[in-house]
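Reading through the structure tokens given below for one structure.
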Amino acid sequence: MDNRDEVREFLTSRRARISPDQAGLPVAVGNRRVPGLRRGEIAALAGVSVEYYTRIERGNLRGVSNSVLQAIARALRLDDAERTHLFDLAHATDAGATRRKPNQQRVRPGLQRILDAMTDTPATVHNSRLDILAANRLGYALYSDIFADPRRPANHIRFIFLDPRAHQFYPDWQSSANDAVAVLRAEAGHDPHDESLTNLIGELSTRSHEFRVRWVAHNVRQHRAGTKRLHHPVVGDLELEFEKLDVAADPGLVLQAYSAEPSSPSHDALNLLASWAATLDQEKALPTAGPTATPLPDRHEA
């Protein structure tokens, strides 16, 4: 990924969405040739020269001070995730463009034991590319459709865009797809030289039109807590609250856990899911017919 292109396309897309009226600027009579604000208007709002802002928007963030970045973020009305993305792009520019292979990411036995101790809630550990590196038994059961693909590590975003079952698993598929791409786009700004991340983006861009459309939108998001609506092939509809916690000892790893409102239909469905998972532990395989005819993986298969 070319960092200059990333900077240019991100800033241009943010500028295009702001109208003069939204920015409190007078609207000139006649047609505007560009959507949103002009470069000169952003420059004025940020308190920098048009020439300097033009240089920045063309992708040259090298040496730009934090105060100028903050001023541009205010002028473009960036939210917290977008502001962080802009700073990440600037830091990546200053750090240079050395493509690197990431270190092998493994889940420590102690972390796996913590997962396994969470017997009443589905939990997983994933990395910034949305690879699922570990799970507890309920986590495997919840994401049995994702683990049905033998490719390892299992990957959330690859499932969303490349597996037809995802449209049933995520009742609001459009929202789930948008969120996943926005999270991946933010990570690409934070670590644009990660070879595995670049390869994943290349694969999805090649194989999925839906991914390409969302990727070029340059939307970014921090998705740390919220509600997920899922349709599990065995227990049906689930509405689960989730929390994401950074694993401090393992930078880049995130523990994600789910819960359901007590006495709710989703809570009952989680109990049924636990019973189903326990049955599979005994049988080691599902029945030979039906949409769930896939064994849950052992932990070392994640």
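Summary table below
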{"read-out": "Scaled radius of gyration (Cα, divided by 2.2 N^0.38 Å) that the stretch 3-95 gives", "value": "1.04"}
{"read-out": "Cα lying deepest toward the dipole's positive end in the stretch 112-261, options Ser208, Leu230, Ser128, charges on Cβ", "value": "Ser208"}
{"read-out": "Radius of gyration and maximum dimension Dmax of the stretch 109-301, Cα, Å", "value": "16.3, 47"}
{"read-out": "Spread of Cα-to-Cα distances over 5 Å intervals beginning at zero, given as percent, for the stretch 111-195", "value": "3, 14, 21, 22, 21, 13, 6, 0"}
{"read-out": "At least 24 Å along the helix axis (C-alpha) and Kyte average at least -1.0, DSSP helices within the chain", "value": "173-190, 265-283"}
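Quick note: the coordinates plus some simple rules give every number you see, no bench work behind them. Worth saying up front: this structure is predicted, and the values here are computed from it rather than measured. In this analysis, Cβ positions are derived from the backbone assuming ideal geometry, glycine residues included, and neighbour counts consider all displayed protein chains.
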